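The values are calculated or read from the model by the stated rules, or taken from the named source; none is laboratory data. Please read these numbers as outputs of a predicted model, since none were measured by experiment. Cβ sites come from the backbone with ideal geometry, for glycine too, and all protein chains shown count toward neighbours. With ligands, DNA and RNA removed, areas are computed over all heavy atoms of the protein, side chains included. Shrake-Rupley method; radii C 1.70, N 1.55, O 1.52, S 1.80 Å.
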Amino acid sequence: MKAYVALLHSIVLGDGRRVVMADLKAMAEALGCRAPRTLVATGNLLFEAPEKPLAELEAELEKAFEKTFGRHVDIIVRSAEDWSRLAAGNPFLAESERDPASVHVRVMRLPLEVDMREKLLGYCSSERVAIVDGDLWVDFAGKASESKLLGALTTKRLGIGTVRNWNTVKGLRGMVAG
């Protein structure tokens, strides 16, 4: 068995309905995942499963999610080891420790090309961006919700991915470390 982290792009089902984390864990158990657990109610699932390609796990989870909740949601899966590497690769660590809500990572299904950083700089004022191992790190230097860069971080522009703040990244890292 291998430990995995699954990140749901959205847990909003429409009409003010959200995925209940207990239901998400039950869905994972029905798939045969062991020891499913969540971190905060924002679509972060940790579980153990037989080792297989990440794309296969993503497809299985997405299919089960649609069957269970009636809506497709993109799900990004990383191994526990890969998640630990992602957290260790934070290029804005000092800023993250000062203000964990100002540093975010967009975890990508397929790695971003390095030249995407240059394309995003036009949306930045005080924000800083870095691509580390294909994932996009952003130091918003304040509230992300006030940045025009946030609106540029779309699936259409970047591909399938989902954003997590440093508090969530650290929390998941702690959970996979045991």
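What to note about this one:
- Percentage of interatomic Cα-Cα distances in region 1-67 larger than 15 Å: 48
- Per-residue SASA entry for Glu60, accessible area with 1.4 Å probe, Å² rounded to 10: 60
- Protection proxy ranking of 156-164, 168-176 - average other beta-carbon atoms within 10 Å, highest first: 168-176, 156-164
- Checking the Cα-Cα distances for Lys119/Lys143; Lys25/Lys170; Lys119/Lys156; Lys119/Lys170; Lys25/Lys67 against a 19 Å cut-off, the pairs over it are Lys119/Lys143; Lys25/Lys170; Lys119/Lys170.
- Here's the picture: charge each Lys and Arg Cβ at +1 and each Asp and Glu Cβ at -1 in region 54-178, and of Ile160, Val105, Tyr123 the one pushed furthest to the positive end of that dipole is Tyr123.
- Per-pair calculated FRET efficiency, R0 = 45 Å: Ala26 and Ser125 via Cβ, rounded to 0.05: 0.55
- Only one residue of Ala177, Thr42, Leu61 has its Cα farthest out toward the positive end of the dipole of region 29-178, where Lys and Arg carry +1 and Asp and Glu -1 on Cβ, and that residue is Thr42.
- Accessible surface of Cys124 - all protein chains present, 1.4 Å probe, nearest 10 Å²: 30
- Spatially, region 4-76 and region 79-121 are offset by 22 Å when compared through their Cα centroids.
- The fraction of all Cα pairs in the chain landing in successive 5 Å bins from 0 to the largest distance is 1, 8, 17, 21, 20, 15, 11, 5, 1, 0, given as whole percents.
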